[in-house]
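The values are calculated or read from the model by the stated rules, or taken from the named source; none is laboratory data. Here the structure is a predicted model, which means the values were calculated and not measured. Here the Cβ positions follow ideal geometry from the backbone for every residue, glycine too, while neighbour counts run over all protein chains shown. Ligands, DNA and RNA are stripped out before the accessible areas are found, and what is left, the full protein with its side chains, is counted by its heavy atoms. Shrake-Rupley method; radii C 1.70, N 1.55, O 1.52, S 1.80 Å.
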Amino acid sequence: MQELQHLFPRLRSYIFYLLALYVLGWGFTPYQTVFLGLVLGTALSLYNLWVLVRRAKQFGQALDEGKRPRSVGTFARFATAALAVVITISYPNTFHIIGVVMGLMTSYLVIIIDLVVQNIRRRWEER
């Protein structure tokens, strides 16, 4: 659980860099709805990651204290994804649904890419 808390600041900065790229894409390309969808989905994906880290910390503390742990916030993350879809359906001329869905997956992709890069870095340092 501690590893996730130490990993979060790095993941958050990567996601902020992606958000900056998406904003540049929104401003300088004709695909404004796609990039706005990516911004919306990625922002909510970052929120979901924050919820996961916070709940994992609470889960670990409950286990350490011998209490019954609460869930890790699966319902809250599903509700956030549903909110993104409702916003997208309400404003179809502003947000692209595929961009929103791809943005919602961004934090998971960033986690996977970061783990691969860190493993490659560790193996390189062991040589």
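Tabulated results
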{"item": "Residue match in region 115-123 (condition: of a type in the set (Val, Ile, Thr), open to solvent by less than 50 Å² (accessible area, probe 1.4 Å) and closer than 19 Å to Leu18 by Cβ)", "result": "no"}
{"item": "Candidate set from region 1-57 (those that are of a type in the set (S, T, N, Q) and over 15 Å from the mean Cα position of the chain (by Cα)); member that is farthest from Ile98 (Cα to Cα)", "result": "Gln2"}
{"item": "Residues located in region 66-91, provided they are open to solvent by 90 Å² or more (accessible area, probe 1.4 Å) and either at positive phi or assigned to a loop (DSSP other than H, G, I, E, B) (or both)", "result": "Lys67, Arg68, Arg70, Tyr91"}
{"item": "Count of residues meeting criterion [in a helix (DSSP H, G or I) and farther than 22 Å from Ser90 by Cβ] in region 20-46", "result": "6"}
{"item": "Qualifying position, being closer than 15 Å to Ile111 by Cα, open to solvent by less than 40 Å² (accessible area, probe 1.4 Å), of a type outside the set (S, T, N, Q) and in contact with a helix residue (DSSP H, G or I) (Cβ under 7 Å, 6 or more places away or on another chain), among Val39, Val53", "result": "Val53"}
{"item": "Selected residue (only one of Phe16, Phe8, Phe59 is assigned to a helix (DSSP H, G or I), open to solvent by less than 50 Å² (accessible area, probe 1.4 Å) and among the aromatic types (Phe, Trp, Tyr))", "result": "Phe8"}
{"item": "Answer residue from region 47-68, given it is among the basic types (Lys, Arg) and out of contact with any Gly (no Cβ under 7 Å at 6 or more places or on another chain) and is farthest from Ile89 (Cα to Cα) among those", "result": "Lys67"}
{"item": "Where Tyr22 falls short, out of the listed (1) open to solvent by 30 Å² or more (accessible area, probe 1.4 Å); (2) farther than 24 Å from Ile87 by Cβ", "result": "(2)"}
